[in-house]
Amino acid sequence: MEGTIYGYARVSTQKQNEARQLAALRNFGVAEENIVIEKRSGKDFERPKYRRLVSRLRGEDVLVVQSIDRLGRSYSEILEQWRLITRTRKAAIVVLDMPLLDTRADRDLTGTLIGDIVLQLLSYVAQKERESIRQRQREGIAAAKERGVHCGRKRLHIPDGFETIAAQWREGSISATIAAERLGMSRDTFRRRAKEFSNEE
């Protein structure tokens, strides 16, 4: 019985484009209905679509990814998932940009050894790249703070008379709804800013 060829494409954020991965998977011959797209970080494998896909894999199936870092970016977890798919699920894996990482064909001992070495090396590189990205982000935030650039949510403008109306609300003389209407704000925004203002005092 011939198995199913599945494709898995992953990007870390909603803004990133998975088009290049999809083109590679389609070019390999993965049917559109068997391509799974996930917009989640590769820091671990707690991804619902990935988990469901792996749970469907059977002995003759093939999982195709464009590159090893699309599978994930955690060195130890990539190796663990590789073993889960190839040994527990008995499915095959194909990494398109690294022909040595193709478990479909029977290999001799040397070929298996080379494949294992390449897998470990690429998994290590994927994790190191993730760590490097995080380090650059931390350095960029630190440098921005030194320049006086505010990182994070932009502070909301406080309307004139805010302090007086917020004080009346705290005293219980007016409701949050009335206070928000007078200031031209939503009730939730008023409550949040009133608490923030109170903490800043």
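Things to note:
- When segment 57-80 is limited to residues that are in a helix (DSSP H, G or I) and open to solvent by less than 10 Å² (accessible area, probe 1.4 Å), the one that is nearest to Ala24 (Cα to Cα) turns out to be Leu71.
- Taken as a whole, the structure places Val54 among residues that are in a helix (DSSP H, G or I) and modelled with pLDDT of 90 or more.
- Test: residue in segment 66-84 that is of a type outside the set (D, E, K, R) and out of contact with any helix residue (DSSP H, G or I) (no Cβ under 9 Å at 6 or more places or on another chain): no
- Lone qualifier among Asn34, Asn17 - being more than 23 Å from Ser132 (Cα to Cα) and among the polar types (S, T, N, Q): Asn34
The values are calculated or read from the model by the stated rules, or taken from the named source; none is laboratory data. Keep in mind it's a predicted model, so treat the numbers as computed, not measured. Reconstructed Cβ throughout: ideal geometry from the backbone, glycine too, with neighbour counts over all protein chains shown. In case anyone asks, the SASA skips ligands and DNA or RNA and just uses the protein heavy atoms, side chains included. Shrake-Rupley method; radii C 1.70, N 1.55, O 1.52, S 1.80 Å.
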